[in-house]
1. Condition first: in a loop (DSSP other than H, G, I, E, B), surrounded by 12 or more Cβ atoms within 10 Å (Cβ to Cβ) and over 14 Å from the mean Cα position of the chain (by Cα). Now tell me which residues in segment 50-101 satisfy that.
2. Has segment 93-106 got any residue that is at pLDDT 95 or above, in contact with a helix residue (DSSP H, G or I) (Cβ under 6 Å, 6 or more places away or on another chain) and not small (Gly, Ala, Ser)?
3. Residue 43: surrounded by fewer than 20 Cβ atoms within 10 Å (Cβ to Cβ) and modelled with pLDDT under 95, yes or no?
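The values are calculated or read from the model by the stated rules, or taken from the named source; none is laboratory data. In this text the structure is predicted, and so the values were computed from the model without any measurement. Using ideal geometry, Cβ is built from the backbone for each residue, glycine included, and neighbour counts are taken over all protein chains shown.
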Amino acid sequence: MLQRITAILTAILLIVLLSVGFAAAEGYYLRGDADADGEVSVLDAVVVRRRLAQMEVAVIDERAADVDGNGLSVFDATLIQKALAYLPDPHHVGEKIVIPAPTAAPKPTGGSSEDLPPMPGG
């Protein structure tokens, strides 16, 4: 029985991790999708409230959960719920937010070693 429960929980965890990985690999997240399952639902508001209450949450994408951009607060959960109730949504809950690609570190602007004067005695 314990092995079966462990197998089921492992499968659920794998599914969640894969769905989070695909969104990150595609380079975007949905504003308000706190549980990173690819859609905004009342469960996202629950995840935000559980995190704020310092309760255990399996997965949270804090970038997506911070709907108003002012840090994670109960107001973010309220904004998610208001959007789901089709109330005015100035924060565009559910909007796809593109994650900027990492930029390469700038290369030094100094010349190559061929531009240096020869070493004395060499």
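1. Within segment 50-101, 57, 68, 73, 89, 91, 92, 93 qualify.
2. yes
3. no
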